[in-house]
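Below: the structure, in structure tokens.
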Amino acid sequence: MVNINKAKQKLEQEEAQLELELTDIGHLHNAAVGNWDGSAGDLKVGTEDENVLADKFEEITTNEAIVNELEERLLNVKKALEKIEAGTYGICEKCGAEIEEERLEANPAATLCFACAQEEE
Ligand SMILES: [Zn+2]
């Protein structure tokens, strides 16, 4: 049996960390979007400007990808914490078997057992 208290502690730590990272990147992200809007108004089409805009656009896209990934991880962490409260933590969402202890040690927010996770990929 997996140690629930230890898992909960790890999950709460990760939740706090993710929320912190999201706040940081979220602010950067909004700033980047603001700059983009501001510079688009007096845009003169030339190769130099295009390169600058392309860089900026890339930066926004990268931030968005990171934010999406962080949000997904945060969601999984929150789900795992809810399961601890509900007493269903460590149960595979697909087949209902107990998720391997070492799997939960590596990722306390895992929702599938090893076999089901392999199938999903
Ligand atoms: Zn399973």
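All of the numbers you see were taken from the coordinates with simple rules; none came from a lab. As the structure is a computational prediction, the values presented were derived from the model and not from experiment. Using ideal geometry, Cβ is built from the backbone for each residue, glycine included, and neighbour counts are taken over all protein chains shown.
Please find the FRET efficiency linking Thr88 to Ile60, where r is the Cβ-Cβ separation and R0 is fixed at 35 Å, and quote it to the nearest 0.05. All intermediate terms of the calculation are to be shown ahead of the outcome.
Details: r = 39 Å, r/R0 = 1.11.
Efficiency computed from Cβ-Cβ geometry: 0.35.
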Task: 5 angstrom amide H check on Ile91, placed H, neighbours 5+ away - done: Ile99
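Report the gain in length on full extension from Glu48 to Glu19: 0.36 nm times residue separation, minus Cα-Cα distance, nm rounded to one decimal.
Working: separation 29, 0.36 × 29 = 10.44 nm, distance 3.72 nm.
In short, 6.7 nm is gained.
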Task: Amide N of the stretch 46-78 lying under 13 Å from the label point, which is placed 7 angstrom from the Cα of Ala106 along Cα→Cβ - done: none
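Given the pairs Lys8/Lys56; Lys8/Lys94; Lys56/Lys83, which are separated by over 29 angstrom at their Cα positions? Please list the in-between numbers first.
Values: Lys8/Lys56 39 Å; Lys8/Lys94 22 Å; Lys56/Lys83 41 Å.
Too far apart for the 29 Å limit: Lys8/Lys56; Lys56/Lys83.
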